[in-house]
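Working notes, beginning with the structure itself.
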Amino acid sequence: MTNNRPADRIVTRVFGTPTSCRDRELAERIRLLENYAFELQEANDRLEQQLAEARDQIKTLKGMR
């Protein structure tokens, strides 16, 4: 049994449509933004921890009066 479909249609059906340059650029931007959001969350967590420690120090210093 032979298949008369062009090879590019077969490849597209098996592997999906090839990504365009714009699609690759958008995927890269999304990856960078996700990494940036993760870094911002980590920085926020560190700042919250530092704030909690500073508040504890203030309470301790007020208790020394």
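The values are calculated or read from the model by the stated rules, or taken from the named source; none is laboratory data. Note that the coordinates shown come from a computational prediction; the quantities given were computed from them, not determined experimentally. With ideal geometry, Cβ positions are generated from the backbone for all residues, glycine too; neighbour counts draw on all protein chains shown. Accessible surface is based on the protein model in full, side chains and every heavy atom, while ligands, DNA and RNA are left aside. Shrake-Rupley method; radii C 1.70, N 1.55, O 1.52, S 1.80 Å.
Taking the solvent-accessible surface of protein heavy atoms with a 1.4 Å probe, what is the per residue accessible area of the chain in Å²? Write out the running numbers ahead of the final one.
On the way: 6560 Å² over 65 residues.
Result: 101 Å² per residue.
To two decimal places, what compactness ratio does the chain give when its Cα radius of gyration is scaled by 2.2 N^0.38 Å? Mind showing how you got there, number by number?
Values: Rg = 27.5 Å, N = 65, 2.2 N^0.38 = 10.7 Å.
Relative to the rule-of-thumb radius for its length, the chain sits at 2.56.
Please give the residues of the range 19-52, grouped as numeric ranges, whose backbone N is less than 12 Å from a label point set 7 Å along the Cα-to-Cβ vector of ILE58.
Of the residues in the range 19-52, 51-52 have backbone N under 12 Å from the label point off ILE58.
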